[in-house]
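For reference, the structure is listed below as structure tokens.
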């Protein structure tokens, strides 16, 4: 089952990368304002708000397979809608399609919980990280296919910037087919069957994060805060990076390379993050995520505009910090919630994650228009650093 999840995540990673790479550039062309460049990111992360909630409910009732399959199918439909909207120069359709496309983003993240279903508490961090790692190949290759997919689109009479969304439609569609046909038995149903076979006192756990409690307890609140703050900062800085590069004369090749390195850093370090969570505990790793994100923001703010290498390094750190926060935060939330309520609560957690991403996308454009990219990156660094005292306070209370 992990192999099936890995294949679907590899495919969906390419779909995920499309909106990241050209979403802001599409807004610049079709909406005609740098201040609105964050709108596509806000829309597809906003679409993942509804997607995460719906997928969580579907998984809770029917299992992981139907929920994840439906999410990837919606992502494919949204991708096709974007292509049609760009071709017809139809802004309302573009906005609606980006919202639907966001379901693919939500599904890509929700799949990590399926990996957690298959693992024992002491290996949960590594199981989550392996599913995230599988996203790496598609997510890294996707941005580097921007030029190629653009040429293919032009040959078919479709605008160049719509090319990556053609790739996304294919990738999300294939991911839906793989999960719908091969993810058997269902991971969540299997986890419930295993839990039912345990003695009553062994059916709840808090060992993965060193925390316990109900869905509103300190474990859930702390895990949510770590994931939400990391998502807010990462989306805000990442969204405006292509615009920043374009404004200083760098072509789509340089933009694709920087975003590919960033997305690779979002997922490639996952095995290390998982091992650290399992061995050191989730809270120390969460604190490290805040520090790394802070360093990324500071470096991005100070990077010379003509230095692609410096900005790429900052974006690599941004991805690494996000990964540390997501793996550790997921472990905290999963360990704090009983299995009978886990899928629905995880859906709510990822809804909050999507809201944070939507907020970051919406704020990024106006902040850059008012104060420049450096102001956005520096503000992100300050927000990220609040994770450090937050996790230390939670550790003392625990």
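The values are calculated or read from the model by the stated rules, or taken from the named source; none is laboratory data. Because the structure is predicted, anything quoted here is derived from the model rather than measured. Note that each Cβ is placed from the backbone with ideal geometry, even for glycine, and that neighbours are counted across all protein chains shown.
Exactly one residue out of 69, 21 is assigned to a helix (DSSP H, G or I), modelled with pLDDT under 85 and in contact with a helix residue (DSSP H, G or I) (Cβ under 8 Å, 6 or more places away or on another chain): that is 21. Residues considered: 376, 382, 324. Of these, the only one that is buried (at least 18 other Cβ atoms within 10 Å of the Cβ) and farther than 22 Å from residue 264 by Cβ is 376.
Taken as a whole, the condition of being crowded, with 24+ Cβ neighbours inside 10 Å, in a helix (DSSP H, G or I) and in contact with a helix residue (DSSP H, G or I) (Cβ under 8 Å, 6 or more places away or on another chain) does not apply to residue 348. Scanning the stretch 149-169 for residues that are part of a helix (DSSP H, G or I), touching a residue at least 12 places away in the same chain (Cβ under 8 Å) and crowded, with 17+ Cβ neighbours inside 10 Å turns up 149, 150, 153, 161, 162, 163, 164, 165, 166, 167, 168, 169.
Quick check on residue 309: is it part of a helix (DSSP H, G or I) and surrounded by fewer than 21 Cβ atoms within 10 Å (Cβ to Cβ)?
For residue 309, the condition - part of a helix (DSSP H, G or I) and surrounded by fewer than 21 Cβ atoms within 10 Å (Cβ to Cβ) - is met.
Here 296, 254, 331 are screened, and the one residue that is surrounded by fewer than 21 Cβ atoms within 10 Å (Cβ to Cβ) and assigned to a helix (DSSP H, G or I) is 254. Checking each residue in the stretch 60-92 for being surrounded by fewer than 16 Cβ atoms within 10 Å (Cβ to Cβ) and touching a residue at least 60 places away in the same chain (Cβ under 8 Å) picks out 87, 91. Screening residue 279 on (1) at pLDDT below 95; (2) farther than 21 Å from residue 108 by Cα; (3) crowded, with 19+ Cβ neighbours inside 10 Å shows it passes everything except condition (3).
Based on this model, can you work out whether residue 263 counts as under 24 Å from the mean Cα position of the chain (by Cα) and at pLDDT 90 or above? Taking the combined requirement at face value, the residue does not satisfy it.
Scoring residue 177 on the criteria (1) modelled with pLDDT of 85 or more; (2) in contact with a helix residue (DSSP H, G or I) (Cβ under 8 Å, 6 or more places away or on another chain); (3) assigned to a helix (DSSP H, G or I) leaves a single failure, condition (2).
Identify all residues within the stretch 83-102 that are within 16 Å of residue 16 (Cβ to Cβ) and modelled with pLDDT under 90; write none if there are none.
Just the residues of the stretch 83-102 that are within 16 Å of residue 16 (Cβ to Cβ), to begin with: 97-102.
Answer for the stretch 83-102, where residues must be within 16 Å of residue 16 (Cβ to Cβ) and modelled with pLDDT under 90: 98, 99, 102.
What are the residues in the stretch 351-381 that are in a helix (DSSP H, G or I) and more than 21 Å from the chain's Cα centre (by Cα), if any? Let's see the steps before the verdict.
Applying the first criterion (in a helix (DSSP H, G or I)) to the stretch 351-381 yields 351-371, 373-381.
Answer for the stretch 351-381, where residues must be in a helix (DSSP H, G or I) and more than 21 Å from the chain's Cα centre (by Cα): 366, 367, 368, 369, 370, 371, 373, 374, 375, 378.
Within the stretch 212-223, how many residues turn out to be assigned to a helix (DSSP H, G or I) and either under 14 Å from the mean Cα position of the chain (by Cα) or at pLDDT below 75 (or both)? Give the steps one after another, and end with the answer.
Of all residues in the stretch 212-223, those assigned to a helix (DSSP H, G or I) come to 218-223.
When the remaining residues are screened for being either under 14 Å from the mean Cα position of the chain (by Cα) or at pLDDT below 75 (or both), the result is 218.
Result for the stretch 212-223: 1.
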